[in-house]
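Since the structure comes first, as structure tokens, the remarks are kept for the end.
The values are calculated or read from the model by the stated rules, or taken from the named source; none is laboratory data. Please read all numbers here as calculations on a predicted model, not as lab measurements. Here the Cβ positions follow ideal geometry from the backbone for every residue, glycine too, while neighbour counts run over all protein chains shown. The area values use the complete protein model at the heavy-atom level, side chains included, leaving out ligands, DNA and RNA. Shrake-Rupley method; radii C 1.70, N 1.55, O 1.52, S 1.80 Å.
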Amino acid sequence: MALFDLPLDELRDHRSTSPEPEDFDAFWSKTLQESREHDLDACFEPVDTGLTAVRTYDVTFAGFGGHPVKGWLNLPAEADGPLPLVVEYIGYGGGRGLPHEHLLWAATGRAHFVMDTRGQGSGWGGGGATADPVGGAPAYPGFMTRGIDAPENYYYRRVFTDAVRAVEAARSHPLTDAARTVVLGGSQGGGITLAVGGLVPDLTAVAPDVPFLCDFPRATTITDRHPYREIGLYLKTHRGRAQDVQRTLSYFDGVHFAARGRAPALFSAALEDLTCPPSTVFAAFNAWAHQDKDIEVYEFNDHEGGGPFQQAAKVRWLSGRI
């Protein structure tokens, strides 16, 4: 696939036209306040994985609506004091998988919390373990149009709330240092990272890779690759609903969360990425409010982005931060 989006010099100045709702902050403040009315009830159960260098806990905590959400916490086996904390979110269709799939950050001497994504975990990887007990209006298969009839009902309202509560759950463990917390993830996980970066004010750093869920007005018209295409196929049937759908999506646009980013950030983008077009990624990067930010660009890659090269870049970048 040749380059299909804006040239790199234009990407560096690209801004989204996504309209920000006037009650964006009030919407999310109320959502999180309602969630915190439920006891976090974070439970950490030791797991015998057979690994000798890493200690693993099977985690359950109360997410949106008090619903149980799963996760893994991996720690260096000999850890005996509060450790820098990395909280990771998973890509579209995946779940928390198995503990041995997540060894990188514990191998750097950090605590590593991996959040399961409600209702997902059956598309790839080692599976998921968190149900989404909330129903919704008619939707196109996938997750992008579940509850899209109203912001209050939208699927990602639940996911983003789970993600904030995941940070709170991970920070509650005695071997994690709340003052040194990083959130990161790729694709959908990158979009969730942006949301948490805009909703949690005291993070040390964020690192979204090829983030999904950004600049919806452009994303839904520039690419016909799934998952964004789910929205177009929904509107193909539900004619005349485009304005209502875009209104709902505006409450979940990574660009608006980025405008509230209060921590240093390392992004990545791939210029041949048809899943998360580079202009949508740069729209979020250019909106990121903190001045300490950088973006790694992979000119000849599709949605795989930097892969292991980006992992190495994040290890280097975080070495002087946590």
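Return the pair list, or none, for Cβ contacts closer than 9 Å from residues in the stretch 268-297 that are over 21 Å from residue 18 (Cβ atoms) to residues that are at pLDDT below 95, at least 6 apart or on different chains.
271/3; 271/4; 272/1; 272/2; 272/3; 272/4
In the stretch 35-68, which residues are in contact with a strand residue (DSSP E or B) (Cβ under 7 Å, 6 or more places away or on another chain) and on the phi > 0 side of the Ramachandran plot?
Within the stretch 35-68, 41 is the sole residue that qualifies.
Output yes when any residue across the stretch 315-322 is modelled with pLDDT of 95 or more, buried (at least 20 other Cβ atoms within 10 Å of the Cβ) and not aliphatic (A, V, I, L, M), and no when none is.
no
For residue 196, state whether it is closer than 23 Å to residue 92 by Cα and touching a Pro at 6+ places or on another chain (Cβ under 8 Å).
No.
What pairs come up if the first residue lies in the stretch 203-221 and is under 26 Å from residue 177 (Cα atoms), the second is modelled with pLDDT under 95 and among the β-branched types (Val, Ile, Thr), and their beta carbons are under 8 Å apart, counting only those six or more places apart or on different chains?
Hits for this filter: 204/322; 205/322.
Given the residues 177, 224, 202, 244, which is the only one that is more than 18 Å from residue 142 (Cβ to Cβ), in a loop (DSSP other than H, G, I, E, B) and among the acidic types (Asp, Glu)?
Going through 177, 224, 202, 244 in turn, the sole match is 202.
For the stretch 276-322, give me the residue count where each residue is outside any helix (DSSP H, G or I) and among the hydroxyl-bearing types (Ser, Thr, Tyr).
Counting residues in the stretch 276-322 that are outside any helix (DSSP H, G or I) and among the hydroxyl-bearing types (Ser, Thr, Tyr) gives 2.
Looking at the structure I just gave you, is residue 262 of a type in the set (D, E, K, R), touching a residue at least 60 places away in the same chain (Cβ under 8 Å) and under 18 Å from residue 206 (Cα atoms)?
The answer is yes for residue 262.
Does any residue of the stretch 167-188 turn out to be more than 16 Å from the chain's Cα centre (by Cα), among the polar types (S, T, N, Q) and surrounded by 21 or more Cβ atoms within 10 Å (Cβ to Cβ)?
The answer is yes, given that some residue of the stretch 167-188 is more than 16 Å from the chain's Cα centre (by Cα), among the polar types (S, T, N, Q) and surrounded by 21 or more Cβ atoms within 10 Å (Cβ to Cβ).
Give the residues of the stretch 51-103 that are β-branched (Val, Ile, Thr) and exposed (fewer than 15 other Cβ atoms within 10 Å of the Cβ), sorted by residue number.
Once the filter is applied, which keeps residues that are β-branched (Val, Ile, Thr) and exposed (fewer than 15 other Cβ atoms within 10 Å of the Cβ), the stretch 51-103 yields only 52.
Report, ordered by the first and then the second residue, all pairs with beta carbons closer than 7 Å, sequence separation of six or more or different chains, a first member in the stretch 35-48 that is among the hydroxyl-bearing types (Ser, Thr, Tyr), and a second member that is at pLDDT 95 or above and open to solvent by less than 50 Å² (accessible area, probe 1.4 Å).
Listed by first residue and then by second, the contacts come to 35/64; 35/161; 35/165.
Going through the stretch 251-296 one residue at a time, which ones are open to solvent by 10 Å² or more (accessible area, probe 1.4 Å) and charged (D, E, K, R)?
Across the stretch 251-296, the qualifying residues are 260, 262, 272, 292, 293, 294, 296.
When the residues of the stretch 104-124 are narrowed to those that are under 21 Å from residue 175 (Cβ atoms) and assigned to a loop (DSSP other than H, G, I, E, B), which ends up most open to solvent (accessible area, probe 1.4 Å)?
If we take residues in the stretch 104-124 being under 21 Å from residue 175 (Cβ atoms) and assigned to a loop (DSSP other than H, G, I, E, B), then 108 is most open to solvent (accessible area, probe 1.4 Å).
In the set 133, 46, 138, which member is assigned to a strand (DSSP E or B) and open to solvent by 20 Å² or more (accessible area, probe 1.4 Å)?
Going through 133, 46, 138 in turn, just one is assigned to a strand (DSSP E or B) and open to solvent by 20 Å² or more (accessible area, probe 1.4 Å): 46.
How many residues does the stretch 8-41 hold that are assigned to a loop (DSSP other than H, G, I, E, B), open to solvent by 40 Å² or more (accessible area, probe 1.4 Å), within 30 Å of residue 253 (Cβ to Cβ) and not β-branched (Val, Ile, Thr)?
Qualifying residue count, the stretch 8-41: 10.
Looking at residue 208, is it under 20 Å from residue 24 (Cβ atoms) and crowded, with 23+ Cβ neighbours inside 10 Å?
yes
Check 65, 91, 95 and return the single one that is touching an Asp or Glu at 6+ places or on another chain (Cβ under 6 Å), under 26 Å from residue 146 (Cβ atoms) and at pLDDT 95 or above.
The conditions single out 95.
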